Amino acid sequence: MSHRLSNGPDPAGRAAGDRRWPSMGHWLMLLVVFFFLVPLLVSNLWGYLQSRRYLTEAAFRNIRNVAALEASETLEFVRAAQSLVPSIVAGNQHLFEILQVLTETEDEAARDSLQRQLKFHLVAKAVEGSSVEEFQVISPTGILLASSQTDRVAGTDLAASPCFQKGREQQGIVGFDYGEHHSGHEGHSDSGSRDGEEPHLLVAAPIIDGRGTFLGVFCARFGFDIHRSLLVAHKERTSYAALYLLDEDARVVCGSFEEIHGAPYGKRLPSLGRSSLRSLEAWEDRYEDDSGTEVMLAYAPVPTLGWGILVEVQVSRALAHLERLKWQAAGASGVLASLLGVAVFLGWRMLVRPLQALSRTSDRIASGESGKTVSPTGPREIVELAKAFNRMSLALRESQETLETRITERTRQLRDSQEFLELLLDSIDQRVIVVNPHYEIIKANATAKRMHGQELIGAKSCEVFEGQPVPAASYPARRTFETRQPASDERSQQTVRGQEAVYVETYPVLDAEGWVESVVEIGRVITAEKRLQMQVIYQEKMAAFGQLAAGVAHELGNPLASIESQLRLAQGDSSRQEQTLEVVRKQVARMARMLRELVQFSRRKRDEVMLVSANQIAEDVARLLEHDPRARTVTIIRRPTRNLPGVRVKEDHLVQVLLNLGLNALDAIPETGTIEFATSMENGQVTIHVRDTGHGISEEARAHLFEPFFTTKGPSRGTGLGLFVSKEIVETMGGTLELEQTGPEGTTFVVRLTADRAPPAGGGS
């Protein structure tokens with residue numbers, strides 16, 4: 001039984017097709033990779049790059065600040081040393097006196113005594129100064145006269161020393177030396193420096209007395225405290241960086257340690273071949289040394305001296321903490337990835353495998369093997385799902401045992417319902433058909449077959465009924481397919497009795513998504529009704545025109561009576577002939593003009609649908625009403641709208657509607673008043689307002705205003721069909737006729753018709 005009920009797709013083929021898609025386990029791994037591992041790697045990489053950039057900027061900022069700070073301290077130290085020597089020499093009368101005597105005397109004992117006094121004087125001055133290593137006084141010939149150091153021997157020839165050479169000409173800094181006992185070799189040494197030696201700053205000043213006599217050179221050697229400052233900065237501020245003090249020739253004066261990168265004191269650093277120190281501005285740079293190590297540089301100038309502080313640090317040492325953090329993060333990520341792998345494996349065993357078993361058993365049940373069960377294993381939710389699946393499978397087997405019986409019963413009921421439906425459709429005395437989107441008839445009742453005398457199934461409705469291979473835009477079924485709304489229309493269609501008027505109504509049949517899958521069309525022959533309607537319209541038109549004709553006849557009677565009276569007067573008095581002829585001529589011209597207007601109005605084609613001007617028709621009706629005797633005391637006003645679009649109607653029918661409204665307005669005005677015909681454009685429609693100043697319509701009459709044979713006039717003055725017929729005519733045109741307002745001040749009716757943008761035949765002005 002279950003095999004007979006299984007009519008779906010082949011489960012084996014479906015399973016083969018499903019293998020094209022990833023399984024749940026695959027999706028689980030993909031989710032872990034793309035939603036955890038990939039974001040983790042991306043975030044770690046982004047964080048590493050951002051941290052590297054920020055730390056590099058911080059390292060540059062740090063060494064830049066250190067260079068600027070040390071440059072400032074160096075400048076302060078040099079300024080203090082540079083100002084001390086001139087202050088000792090200037091105005092030192094005791095020094096001037098000793099030197100003057102030494103210059104003039106040749107007594108050795110006196111000279112020894114003066115040199116000892118000079119030495120004591122220098123020692124006393126050296127004690128007063130800060131960082132003073134030695135004070136020297138050199139004679140004008142370059143011989144050392146005295147020194148503040150006890151082991152310095154007087155009489156040493158210092159004529160070639162930079163201190164003497166530069167001190168004779170100007171006061172200030174003259175150079176550096178690096179040893180304790182290099183008296184004859186002060187200044188930069190090309191041979192390098194020995195381990196443990198600290199650099200010393202040399203400052204000299206010429207000794208000139210008040211008379212301008214050159215008495216010698218005062219030379220001072222200061223302990224270079226900046227060297228110790230750089231060592232402190234190296235240990236406390238930038239332990240991973242090297243600091244150098246460079247002179248005006250970019251040679252190393254001192255540094256944060258003795259021998260730096262194989263460049264001794266007094267030499268240029270290897271890195272300076274890549275960077276220029278001639279700039280008076282601070283700068284920073286990066287380069288790779290000969291071993292490929294990337295190095296950062298920061299330089300700060302010492303103003304006015306031409307010196308500078310250079311800070312150099314290897315990028316790898318500056319970012320050492322970041323590199324350690326990188327490997328720690330990589331290790332943590334690896335551990336986390338391993339844990340995720342274990343979690344995925346456990347999830348695979350505990351979730352995916354039981355679900356795969358459920359899937360395979362479901363395929364077997366779908367192929368017809370009802371009653372199959374699975375082993376409840378895994379987490380509690382999976383176990384509950386497996387138990388529910390087993391209950392469903394067993395219940396399905398039980399339900400399938402009764403399903404075939406129910407299907408048989410329902411099939412019989414459906415067949416009976418279909419037969420009843422066909423019987424019901426065939427009993428309807430109207431044409432009922434169903435068409436598909438290609439307008440092919442897929443269902444037709446017996447009335448439709450009798451009405452057209454041929455087999456309709458498979459034929460196109462528009463071709464069978466109207467002889468058109470393609471439905472027109474106004475065809476109701478086409479409008480329903482396009483708008484998904486019911487539609488109706490009066491159509492001229494071919495039946496077994498020939499061409500007849502058929503009122504067609506269409507209704508959409510929608511599918512589950514709301515689209516029209518077919519259309520039900522109901523057709524009713526209304527030829528007899530149309531004939532009766534046309535007769536009623538014609539009779540009402542004749543009544544209106546008869547009433548108008550009576551007024552015109554009365555209008556013609558007035559000039560005829562005037563002519564007759566003039567002729568009688570002319571018979572009795574021959575002298576009145578000329579006056580009589582003039583009166584007769586005017587009255588005849590008046591009658592001729594009136595008749596000519598009526599003839600011209602009657603000759604226009606009115607019984608065909610054409611594009612006409614609402615302004616022109618309102619003007620024609622107003623002129624017709626002016627010939628009614630009741631209009632003598634009524635003012636007829638025209639308010640046309642210029643450039644009004646035309647309307648596509650039968651002109652004769654629109655004239656009949658406006659004429660009926662105008663005659664009703666004349667009946668509503670007791671003595672004097674106004675009737676107004678106003679045209680306008682509102683919301684894409686041409687409107688014609690007919691207003692009067694009559695007594696208005698009562699509340700009771702308004703409820704029955706458009707009903708047939710309802711009238712408030714006397715039996716001899718109205719049929720009760722005027723407004724009813726007018727409303728039917730306007731609705732046939734696709735418009736509306738409404739009572740807009742009524743009251744003691746008057747009544748207004750409004751006719752609304754669809755505007756056509758093409759220029760009207762009668763003009764739009």
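Here residue 82 fulfils each of the conditions (1) free of Cβ contacts under 8 Å to residues at least 60 places away in the same chain; (2) closer than 30 Å to residue 307 by Cβ apart from (1). Here is the figure for region 724-740: residues that are assigned to a helix (DSSP H, G or I) and in contact (Cβ under 8 Å) with a residue 12 or more places away in the chain total 8. Residues that are within 51 Å of the chain's Cα centre (by Cα) and charged (D, E, K, R) within region 492-510 comprise just one, 505.
Among the residues of region 391-412, is any within 15 Å of residue 523 (Cα to Cα) and surrounded by 16 or more Cβ atoms within 10 Å (Cβ to Cβ)? Among the residues of region 391-412, not one is within 15 Å of residue 523 (Cα to Cα) and surrounded by 16 or more Cβ atoms within 10 Å (Cβ to Cβ), which makes the answer no.
Hey, can you tell me all the residues within region 679-723 that are touching a Pro at 6+ places or on another chain (Cβ under 8 Å) and either modelled with pLDDT of 80 or more or surrounded by fewer than 14 Cβ atoms within 10 Å (Cβ to Cβ) (or both)? Within region 679-723, 679, 681, 686, 694, 695, 696 meet the criteria.
The set of residues in region 283-331 that are assigned to a helix (DSSP H, G or I) and under 15 Å from residue 242 (Cα atoms) comprises 315, 316, 317, 318. Just to be sure I understand the filter: pairs with C-beta atoms under 6 Å, separated by 6 or more residues or on different chains, first member in region 124-137 and closer than 14 Å to residue 223 by Cβ, second member part of a helix (DSSP H, G or I). Which pairs pass? Sorted first by the residue in region 124-137, then by its partner, the pairs are 129/84; 131/225; 132/126; 135/122; 135/125; 135/126. The single residue among 395, 388 that is assigned to a helix (DSSP H, G or I) and under 51 Å from the mean Cα position of the chain (by Cα) turns out to be 388. Residue 96 - would you say it is within 18 Å of residue 171 (Cα to Cα), surrounded by 15 or more Cβ atoms within 10 Å (Cβ to Cβ) and either basic (Lys, Arg) or modelled with pLDDT of 85 or more (or both)? So residue 96 does not fit the description; no. You will find that of 370, 375, 362, the residue that is more than 30 Å from residue 30 (Cβ to Cβ) and either out of contact with any Asp or Glu (no Cβ under 7 Å at 6 or more places or on another chain) or not β-branched (Val, Ile, Thr) (or both) is 370 and no other. Close contacts from region 420-433, counting a first residue that is surrounded by fewer than 13 Cβ atoms within 10 Å (Cβ to Cβ) and a second that is of a type in the set (Asp, Glu) and in a helix (DSSP H, G or I), with Cβ to Cβ under 8 Å and a gap of 6+ residues or different chains, come to none at all. Residue pairs whose Cβ atoms lie under 6 Å apart, sitting 6 or more positions apart in sequence or on different chains, and linking a residue in region 655-670 that is assigned by TED's automatic domain parsing to the domain that holds residue 630 to a partner that is part of a helix (DSSP H, G or I) and of a type in the set (Lys, Arg), are 656/541; 666/630. Considering (1) modelled with pLDDT of 75 or more; (2) among the hydroxyl-bearing types (Ser, Thr, Tyr); (3) farther than 30 Å from residue 60 by Cα, the lone condition that residue 316 does not fulfil carries the number (3). For residue 323, the conditions (1) at pLDDT below 75; (2) surrounded by 15 or more Cβ atoms within 10 Å (Cβ to Cβ) all hold with the exception of (2). Does residue 346 satisfy the criteria of being assigned to a helix (DSSP H, G or I) and either under 30 Å from residue 72 (Cβ atoms) or modelled with pLDDT of 80 or more (or both)? Answer is no for this residue.
Listed conditions (1) of a type outside the set (Ser, Thr, Tyr); (2) within 49 Å of the chain's Cα centre (by Cα); (3) modelled with pLDDT under 80 are all met by residue 536, apart from (2). Within region 434-469, the residues that satisfy the criterion of being farther than 21 Å from residue 503 by Cβ and either touching a residue at least 24 places away in the same chain (Cβ under 8 Å) or of a type outside the set (Gly, Ala, Ser) (or both) are 436, 437, 438, 440, 442, 454, 455, 457, 469. When region 360-380 is limited to residues that are closer than 24 Å to residue 345 by Cα and at pLDDT below 75, the one that is surrounded by the fewest Cβ atoms within 10 Å (Cβ to Cβ) turns out to be 379.
Rundown of residues vs (1) modelled with pLDDT under 85; (2) more than 17 Å from residue 681 (Cβ to Cβ), yes/no style:
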residue	(1), (2)
597	yes, yes
603	yes, yes
606	yes, yes
616	no, no
635	no, yes
640	no, no
661	no, yes
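Within region 435-464, the set of residues being more than 15 Å from residue 519 (Cα to Cα) and in a helix (DSSP H, G or I) comprises 446, 447, 448, 449, 450, 451, 452, 463, 464.
The values are calculated or read from the model by the stated rules, or taken from the named source; none is laboratory data. Not measured: the values here are computed from a predicted model. Quick reminder, even Gly has a Cβ in these numbers, built from the backbone with ideal geometry, and neighbours come from all protein chains shown.
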